[in-house]
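Presented below is the structure to which this report refers.
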Amino acid sequence: MSSDVDLVIVGAGAAGLAAAKEAQKLGLTFTLLEASHRIGGRAYTEDLAPGVPFDLGCHWMHSASLNPFVAIAEREGFHYQKDSDWHSSIFERGSWLSDEKMAELEDTEEALDDAIEAAAADGKDVATADFIDLASPWGPYLAYWSSLGTSHDIDQVSIIDHVAYNDTDENWPLREGFGALVAQWAAAVPVTLNAAVSRVAWRGDGVTVESTKGSVKARRVLITVSTNVLASGAITFDPALPAWKQDAIAALPLGVHNRIAIMLNDNPFGPDVKDNATIMLDGDDVPMSIEIRPFGHPYVCGVTGGRFGSWLERAGQQASVDYVTERLVGAFGNDIAKSLTDRVIVTAWEGDPWTLGSYSGTAPGKGHVRAELAKPIDDTVFFAGEATHTSFFATCHGAYLSGIDQVQAIAKGLKIAA
Ligand SMILES: Cc1cc2nc3c(=O)[nH]c(=O)nc-3n(C[C@H](O)[C@H](O)[C@H](O)COP(=O)(O)OP(=O)(O)OC[C@H]3O[C@@H](n4cnc5c(N)ncnc54)[C@H](O)[C@@H]3O)c2cc1C
């Protein structure tokens, strides 16, 4: 098979863009095909109002001291905050919890981590649900925050993800937006937009990749689309992907994490309000964490996860805004409603045809499947993206690192070195 390029990269999210930059650096010829009209994928910032950037996808540079985007942010002139605490206060059934109660919560979280680590060290590949009693006072909060971290409910994810994730507990948000950073950092990468890939025909000697912008022949292909896009069958592989690869895709589904932003017309929160309130109005309620005026920007942002996030997304934009409003009114009083405007952004990642969800979680019993997802087939079809990273999955930098790793492996196989 004669080739147009060394490499076709499918998808221009953080993984595909990092892969393209690495390919440029190593001297590989490549074509980067992106289905949508923009780059960035799940890294995407829009203006809620002029000068008020809002991240629809990634927002925090997690494990910041190990996160390559911190240096990129500094190079690109972006600003970040180091002291973010995403559950700094809790309002429960009519009152704010005391410092003593908050300290009790911290102890409970530590005990949960210890129990999960001990079980994982014993080789147990079971659901997080086995360690959280929903009937206990902290159960609903622990389950809710877990659903934000994993985008799944606690019965849907293995504790192996919990222990494998390299968490330094430094989560630094970007003032101008993480999506804006990714877009600026990758602005010079050549990308073919509106090029949805529908078929990848692969043989030992190369691939033919068909898209809405025509077909390209290459020596290798790097697939960076989400596991839910792969599972949907939107891309046909010829021959079909082997069973072990299909099993890995099925074991790493994306769940739901959505962000609901409401612009404020003034600052109704006193000076003592913490930067994040988690609100549970009554015992049957799903708690909701609400970011309050991040970086002093005039908005609040409620976040949802797991099955509840999926349900609220399907209930629609107004239902989502109402849910946040009801929580704010319950915790801060009726007058708060006067400060909320109808300028909103409500994400709907499950309905986004190019991602079909938020990020991947490992199904219980499939604890070590990410390494399988990352393995190439026949040294021809390669895979990158957040779901393939074994310690920084579900993050933007995990996606970035996976793209670089795979291109280095491809270059090595093709005997192309910088
Ligand atoms: C609400 C939310 C909050 C998050 N918060 C954080 C956070 O605070 N910090 C953090 O680090 N991470 C966070 N993440 C996760 C992070 O955004 C993702 O892990 C990362 O951006 C994924 O990058 P990727 O390159 O693997 O995939 P994607 O960004 O999904 O890129 C894949 C690309 O493939 C394209 N594509 C799909 N189908 C096709 C096709 N058929 N042909 C061609 N192209 C196709 C898509 O359009 C997309 O651009 C969050 C995600 C969400 C949704």
- Placing +1 on each Lys and Arg Cβ and -1 on each Asp and Glu Cβ in the chain, then taking the dipole about the Cα centre, the residue among Thr304, Gly204, Pro294 whose Cα reaches farthest towards the positive end is Gly204
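Please rank Met102, Met280, Met288, fewest neighbouring Cβ atoms within 10 Å first, as an exposure proxy.
Met102, Met280, Met288
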- Note on the structure: Spelling it out for Ile279: with amide H atoms placed in the peptide plane at 1.01 Å from N, the residues 5 or more places away or on another chain with amide H under 5 Å from its amide H are Phe91, Met288, Ser289, Ile290
- Folded to 0 to 90 degrees: helix 14-26 orientation relative to the chain principal axis, Cα: 40
- Note on the structure: For the chain, percent of DSSP beta bridges that are antiparallel (nearest 5) comes out at 65
- Task: Fewest Cβ neighbours within 10 Å first, please rank Cys396, Cys301 accordingly.
- Result: Cys301, Cys396
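Go through 52-62, 228-238 and give me the packing order, highest mean Cβ count within 10 Å leading.
52-62, 228-238
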- Under the rule of -39500 (n - 2.57) per DSSP H run of 4 or more residues, summed and divided by the residues of the chain, what mean residue ellipticity at 222 nm is obtained, to the nearest 500 deg cm²/dmol? -9500 deg cm²/dmol
- Query: Which angle from 0 to 90°, rounded to the nearest 10, does the C-alpha axis of helix 306-315 make with the longest principal axis of the chain?
  - Reply: 90
- Give me the aspartates and glutamates in straight-line cross-link reach of Lys415: C-alpha distance below 19 Å, same-chain residues under 8 apart excluded. Asp4, Asp6, Glu22, Asp205, Asp378, Asp379, Asp405
- Task: Could you line up His397, His37 from fewest to most neighbouring Cβ atoms inside 10 Å?
- Result: His37, His397
- Entries of Lys21/Lys217; Lys21/Lys213; Lys21/Lys245; Lys82/Lys274; Lys217/Lys375; Lys124/Lys375 with Cα pairs more than 18 Å apart: Lys21/Lys217; Lys21/Lys213; Lys21/Lys245; Lys217/Lys375; Lys124/Lys375
- Task: Using only alpha carbon pairs under 8 Å that are at least six residues apart, calculate the relative contact order of the chain and give it in whole percent.
- Result: 26
- Task: Please work out how much length the chain gains when fully extended from Arg75 to Lys25, using 0.36 nm per residue of separation minus the C-alpha to C-alpha distance, in nm with one decimal.
- Result: 16.2 nm
- Isolated Cys in the chain, by beta carbon distance under 4.7 Å: Cys301
- Query: Based on the Cβ-Cβ distance from Arg293 to Asp247, what FRET efficiency comes out when R0 is 51 Å, to the nearest 0.05?
  - Reply: 0.65
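Throughout, read-outs are computed from the coordinates displayed, never taken from laboratory work. Since this is a predicted model, take the numbers as computed values, not measurements. So basically every Cβ, Gly included, is an ideal-geometry build from the backbone, and we count neighbours across all protein chains shown.
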